[in-house]
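Readers should treat all values here as calculations from the given coordinates under stated rules, not as data from a laboratory. Owing to the predicted nature of the structure, the values given are computational and were not obtained by experimental measurement.
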């Protein structure tokens, strides 16, 4: 069996491990996972990723884990895009359809929230973009790799044990929104060939959504704003970031 096919098999092995663990956590918590559990679970994810990386004996650069020469530009671009996403999906959407209060984070919990969010973003991007998408792209090309890795990410983040508590439309919207996010992050990774931008965007978006006391009211139009946001982000990304493949 070729090295490429071995890596593909390991991709699916890694996916089923993180997917299975995430769904077990959702099943037993039956609610939003708290920071302590999230921290432990994502350390396990990163450890599993590290085991595979060590086993393959390739440099971290192979998985997008390196600082590019213009890393400041990548970070600035990612932060800018994260605020554009937040503006469209929260401020603009809320202005047009109304705002609602979101659960507030106690000030004393903010440092832990930041640490956990950075780890969640790093684990997700290292596994689904750096390892899975990169390996699948080597075997099948970018379009199929992007589709498969985005689907895997969506399944991993979607709480299947709680699906009975979802309204059908709300559940579909959540799944599509996760797929759109993963697809954009995958495109970001393909554009830059490193994870600095995707990790930064992922972390900043999560922090903005978690720490902001207001959110747009969830209606049937929520997905529309997500689609508009990601289309706009992809256009901006193509304009601002030179393709480094």
Per DSSP H run of n ≥ 4, the term is -39500 (n - 2.57); total these for the chain, divide by its residue number, and report the mean residue ellipticity at 222 nm rounded to 500 deg cm²/dmol. -23000 deg cm²/dmol
How many Å³ per residue does the convex hull of the Cα positions in region 3-240 occupy? 125 Å³
Normalised by the residues of the chain, what does the relative contact order come to in percent, with Cα pairs under 8 Å and at least six apart? 34 percent
Once normalised by the length of region 1-138, the mean sequence separation of its alpha carbon contacts under 8 Å that are 6 or more apart gives a contact order in percent of 55 percent
In whole Å, what are the Cα extents of region 1-128 along the three principal axes, biggest one first? 56, 43, 30
Anyone know which of 42, 70, 194 comes out most mobile in the 10 Å Cα GNM of the chain? 70
Could you work out how far helix 168-192 tilts from the main Cα principal axis of the chain, as a 0 to 90 degree angle to the nearest 10? 50 degrees
How far is helix 196-211 tilted, in degrees, relative to the longest principal axis of the Cα atoms in the chain, given as a value from 0 to 90 rounded to the nearest 10? 20 degrees
Distance between the C-alpha centers of region 55-98 and region 7-21? Whole Å please. 24 Å
For the chain, with a Gaussian network of springs between Cα atoms less than 10 Å apart, report the residue from 57, 186, 124 with the top mean-square fluctuation. 57
Under 1.5 on a/c is rounded, so check that first for region 78-128, then, if it is not, pick prolate when a/b is larger than b/c and oblate when it is not; a ≥ b ≥ c are the square roots of the alpha carbon gyration tensor eigenvalues. oblate
Looking at the calculated P(r) for region 124-226, what percent of the C-alpha pair distances fall above 19 Å? 48 percent
May I ask for the angle, rounded to the nearest 10°, between helix 222-240 and the longest principal axis of the chain, with both axes built from Cα atoms and the value confined to 0 to 90°? 50 degrees
